[in-house]
Amino acid sequence: MAVDVIDYLRERIKGKGIRIVFPEGKDPRIVTAVARLHKEGILKPILLGRKEEIEKASKEAGVDVSDVIQIDPERTYIFEDLVKSFVEIRKGKATEEQARELLKNVNYFGTMLVQLGKADGMISGAIHSTGDTVRPALQIIKTRPGSSRTSGAILMLGPNGERMVMADMAINITLDAQQVAEVAIDTALTAKTFDMEPKVAMLSFSTNGSASSPEQEKMANATKIAKEIIAKEGYTFELDGEMQFDAAVAPEVGRLKFPNSKVAGDANVFIFPSLEAGNIGYKIAQRLGNYDAIGPVLQGLNKPVNDLSRGCNADEVYKLAIVTAAQVN
Ligand SMILES: CC(C)(COP(=O)(O)OP(=O)(O)OC[C@H]1O[C@@H](n2cnc3c(N)ncnc32)[C@H](O)[C@@H]1OP(=O)(O)O)[C@@H](O)C(=O)NCCC(=O)NCCS
């Protein structure tokens, strides 16, 4: 991530004592990032795992995390309390026996710490799949009021200092108009976390009704619904659509194709109609346009949980931890 965004977020969270749980304490990349975050006093890390596993990882990484809070889910006195709370939260979807088994899994345990207010956020995924990282959060933390689906935003940093946010890049294969509208609102709020003034473009292969099909209609409806939400909630950012990507970013095309739009030609937040379009789109910008892609940052949840790539390095863990802490309300 470009230094300026991370610097900005680091300053915003520093000294607030934000507690982030790292379930993968047995991974050398995780302990390396945790040692740095702890030493710099940016946040309060909580490492999960067996003592001997954390020690082994620290030795391998050449770092000292002995004064970081460490919890072994299978040997902590709070385990049975978490089991009881889990059964209550899942309301008939898990027996006590199932809860006991699930909570031995560090991602379930970590997510429960966040849900019960013993931590403020969590990052995992260096050694777990996206599904295994995200599922406990979907089941336990759930989405915030007004957001029926969690989604994944990517912060795109361009070679000339451009800063853009795009979604959904990671979670929902298809969404209906209402859900796309909610993702658009969540993405604008994520952009604000990154110190941006959001101008949201609802993307399509059509601009302002230039084509007609169920797909175009979906994005036109999503735009209408999102505008209603903005008016109702009193948000102050601009949103418009449906529009093509060139109409969204190129002022001359925006003026021509969508003359009355306050977003066309000047958009910095892009909402894609499907995961297929979004995921392909950001990778084109990344590979052919030399954009840096940061994320996915999960949004729409009641409390922040983020998913690392399994190919991540310690620096990326460090940065995503800072982003996660910045999402704490
Ligand atoms: C995120 C994901 C792993 C969830 O899958 P899953 O566990 O099979 O989901 P399920 O349908 O069994 O639902 C599990 C729970 O999560 C909830 N849920 C699922 N998707 C959700 C979403 N997007 N937002 C909010 N809640 C969601 C369900 O309502 C369910 O809750 P419940 O148990 O309280 O009823 C899945 O949507 C996925 O794999 N998405 C695509 C990810 C991907 O391949 N990305 C590629 C680019 S990185």
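On the basis of being over 26 Å from the mean Cα position of the chain (by Cα), surrounded by 14 or more Cβ atoms within 10 Å (Cβ to Cβ), part of a helix (DSSP H, G or I) and not hydrophobic (A, V, I, L, M, F, W, C), does Glu53 make the cut? It is true that Glu53 is over 26 Å from the mean Cα position of the chain (by Cα), surrounded by 14 or more Cβ atoms within 10 Å (Cβ to Cβ), part of a helix (DSSP H, G or I) and not hydrophobic (A, V, I, L, M, F, W, C). Can you tell me which residue in the stretch 265-306 is farthest from the ligand (Cβ to nearest atom), limited to those that are touching a helix residue (DSSP H, G or I) at 6+ places or on another chain (Cβ under 6 Å) and within 14 Å of Met219 (Cβ to Cβ)? Ranking the qualifying residues of the stretch 265-306, first place goes to Ala267.
Output the number of residues of the stretch 141-158 satisfying the condition of being more than 12 Å from the chain's Cα centre (by Cα) and either closer than 24 Å to Ala181 by Cβ or crowded, with 23+ Cβ neighbours inside 10 Å (or both). So that I can check it myself, show each step before the final result.
Here is the first cut: in the stretch 141-158, the residues more than 12 Å from the chain's Cα centre (by Cα) are 141-149, 156-158.
Now narrow it down to the ones that are either closer than 24 Å to Ala181 by Cβ or crowded, with 23+ Cβ neighbours inside 10 Å (or both): 141-149, 156.
So the count comes out to 10.
Scanning the stretch 290-326 for residues that are assigned to a loop (DSSP other than H, G, I, E, B) and modelled with pLDDT of 95 or more gives Gly300, Asn302, Lys303, Pro304.
Against the list (1) among the hydrophobic types (A, V, I, L, M, F, W, C); (2) modelled with pLDDT of 95 or more; (3) surrounded by fewer than 15 Cβ atoms within 10 Å (Cβ to Cβ), the condition Val3 fails is (2).
Considering only residues that are buried (at least 24 other Cβ atoms within 10 Å of the Cβ) and free of Cβ contacts under 8 Å to residues at least 40 places away in the same chain, which ones fall in the stretch 159-178? The answer is none; no residue qualifies. The single condition among (1) more than 30 Å from Gly117 (Cβ to Cβ); (2) at pLDDT below 95; (3) out of contact with any strand residue (DSSP E or B) (no Cβ under 8 Å at 6 or more places or on another chain) that Phe205 does not satisfy is (2). For the stretch 159-187, taking the residues that are at pLDDT 95 or above and of a type in the set (Gly, Ala, Ser), the one that is nearest to the ligand (Cβ to nearest atom) is identified as Ala167.
The values are calculated or read from the model by the stated rules, or taken from the named source; none is laboratory data. This structure is a prediction, so every number in the text was calculated from the model and none was measured. Backbone-built Cβ (ideal geometry, glycine too); neighbour counts: all protein chains shown.
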